[in-house]
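Every read-out reported here was derived from the displayed coordinates using simple, explicitly stated rules and does not represent laboratory data. Quick caveat: nothing in here was measured; it's all calculated off a predicted structure. Here the Cβ positions follow ideal geometry from the backbone for every residue, glycine too, while neighbour counts run over all protein chains shown.
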Amino acid sequence: MTRIVFLDRGTIGPSVNLRKPDFDHEWVEYDRTSPGDEVVERLKGADIAICNKVPIRRPQIEQLDKLKMIAIPATGFDAFDIDACKERGITVSNVRGYATNTVPEHTFALIFALRRGIVGFRQDVIDGKWQEAQQFCFFTHPINDLAGSTIGIIGEGALGQGTATIARALGMRVLFAAHKGATGLGPLYTPFDEVLETSDIIALHAPLMPATRNVIAMPEFKKMKRKPLLINTSRGGLVDEADMVEALDQGLIGGIGFDVLTSEPPAPDNPLLKILTRPNVIVTPHVAWASNEAMQTLWDQTVFHINNFNKGAPTNTLF
C-alpha cells in the first residue's frame, strides 16, 4: 500500500478540509518536522512526501530509497534539492495560481494601513492622545491618498498582475520593473532604476533565486527619491534587512510592510525586531497567502496532483 507522509501539517490552517487522496493508502502526518535526521527518520518507507517548508536536500534524498514523489502544498520550492530529485527520478509537484486574490489583497492591506497612518493612529487612541488633543481630530501621522500615486512592481507574474489590477482600480499609475540590469525588455517594462526613483510604493512579487537575492540593498535605497513605502509579500531574502533598517533610520524610505523575512521565524538578532513598534513598520507572519479560500484551493490542488501521480500522469511537475 502507498505510504503518504505529511511532514508539516501545522503549515496548513485548521479551517481547511484536509481531504485525502482517492486511492488506497496509509496516511501519516506530523504537525512539524525538524530538518535533517528527523526528515529521514519520518520518510523512511514513504512513497509520497507532502512537505511545505521543511528542507529536503541531497543528503536526505540519498537515504530515501523508496520515495517516488514530493508534493509541495505551496508554489515556492527553494527548500528542496530539485537536481537531486531529478537524478533519483523523484517527481516533484507544486501548486500554482491559488493565491491570486489573497496575496494582492494582503499587499494592499499593508499599503492602506501605512499610507493612511492606521497603525500609528490606533496606538495614539489607545494611549489617550485623542483626549489630550481636546478636539474632534488630531494629526500625528501623515495621510496620503493612493489615487494619483505611482506603484512600482518588481515581479510580473500572476501576483504582480493581481496587485496591478487593484492599483489601477484605485487610480494609481503602475510600473513593472525590468529585471535588474536588463535592457530591451519592451514597452511593458520600466528600467529598474527608474522604478526605484519614481515610485511612491514599491511592491515585491518576485521569486527568490540567485539573481534576486538582496535585489534591494543600500545602493537601491539611495536611489529612492520619493521615499516610498516598501512592501514585500513575496519572499524573504529579496531585501537586505539590515540595510532596510538603516534606510528607515536615514529617512530614505517612508515605511515598510513585510509579510516575509529572510529567516522565519526571525532570528533573535534580526534588526527588524528592534523597530516593530514604529508606526511606519508592519510585519506579519507570512500569512498573505493564507485566506481560508486560498488554503482550501491549495490543498485541493495538492491532492489533485497526488491522485494524478498515482494514475501515472503527474501534473505541475518541476522538471
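List of remarks:
- Tail weight of P(r) past 26 Å, computed on alpha-carbon pairs of the chain, percent: 53
- Cβ-based net charge around Pro228, under 12 Å, with every Lys or Arg adding one and every Asp or Glu removing one: +2
- Taking amide H as placed 1.01 Å from N in the peptide plane, the amide H of Thr190 sits under 5 Å from that of Phe176, Ala177, Ala178, each at least 5 places away or on another chain.
- Furthest towards positive pole of dipole, Ala247, Met295, Val281, structure part segment 238-314, Cβ charges: Met295
- With N the number of residues in segment 225-286, Rg(Cα) / (2.2 N^0.38 Å) evaluates to 1.02.
- In sequence order, calculated HN-Hα J values of segment 6-19 (Karplus, 6.51, -1.76, 1.60; Hz; x Gly/Pro): 9, 7, 9, 4, x, 7, 10, x, x, 6, 6, 7, 7, 5
- Net dipole in debye of the chain [+1 Lys, Arg Cβ; -1 Asp, Glu Cβ; about Cα centre; nearest 20]: 460
- Diffusion coefficient (Stokes-Einstein, Kirkwood radius over C-alpha pairs, 20 °C, 1.002 mPa s) for segment 102-283: 127 µm²/s, rounded to a whole number.
- C-alpha long axis of helix 241-250 to longest principal axis of the chain, angle in °: 10
- Degrees separating the helix 158-169 axis from the principal Cα axis of the chain, which is the longest one: 30
- Under-5 Å amide H pairs with Val95, H placed in peptide plane, nonlocal only: Ala74, Thr75
- Where only C-alpha atoms are counted, convex hull volume of segment 32-146 per residue in Å³: 152
- Estimated dipole of segment 205-249 in Debye, rounded to 20 [Cβ of Lys and Arg +1, of Asp and Glu -1, Cα centre]: 300
- Dipole magnitude of segment 102-283 about its Cα centre (Cβ charges: Lys, Arg +1; Asp, Glu -1), debye to nearest 20: 340
- Derived scalar couplings ³J(HN,Hα) [segment 222-231; Karplus, 6.51 cos²θ - 1.76 cosθ + 1.60; whole Hz; x for Gly, Pro]: 5, 8, 7, 5, 9, 6, x, 6, 10, 10
- Under 5 Å between amide hydrogens, built in the peptide plane, is the criterion, and for Phe6 it picks out Val28, Glu29, Tyr30, Ile50 among residues at least 5 positions away or on other chains.
- Working ranking of peptides 229-235, 163-169, 271-277 by packing, defined as the average number of other Cβ atoms within 10 Å per residue, highest first, is 229-235, 163-169, 271-277.
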